Amino acid sequence: MQRLAGALDALESRLDMQRADLAAKSETIEQARLRARTAKTQATAAAEDLADAVRDLRTLIAPKKES
């Protein structure tokens, strides 16, 4: 009976450790998703800024039309 109780305690301990590991991995995955969304937002903003800068440069470089 004591062996069975010891085995069940060991099993419960291993399950608790696995549950904690899974929770930590889930948290890490969520943090990575958040960083990816942030990076995507920043990349989109940078692309828009770059497009604006290119448009401004083209305007400055383009020959002026005389009326």
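The values are calculated or read from the model by the stated rules, or taken from the named source; none is laboratory data. The structure displayed is predicted, hence computed values, not measured ones. Cβ sites come from the backbone with ideal geometry, for glycine too, and all protein chains shown count toward neighbours.
For segment 45-52, check the following and say yes or no: at least one residue is within 18 Å of the chain's Cα centre (by Cα), modelled with pLDDT of 95 or more and surrounded by 10 or more Cβ atoms within 10 Å (Cβ to Cβ). Yes, there is a match, as at least one residue in segment 45-52 is within 18 Å of the chain's Cα centre (by Cα), modelled with pLDDT of 95 or more and surrounded by 10 or more Cβ atoms within 10 Å (Cβ to Cβ).
Taken as a whole, segment 6-23 holds no residue that is exposed (fewer than 10 other Cβ atoms within 10 Å of the Cβ) and either modelled with pLDDT of 95 or more or charged (D, E, K, R) (or both).
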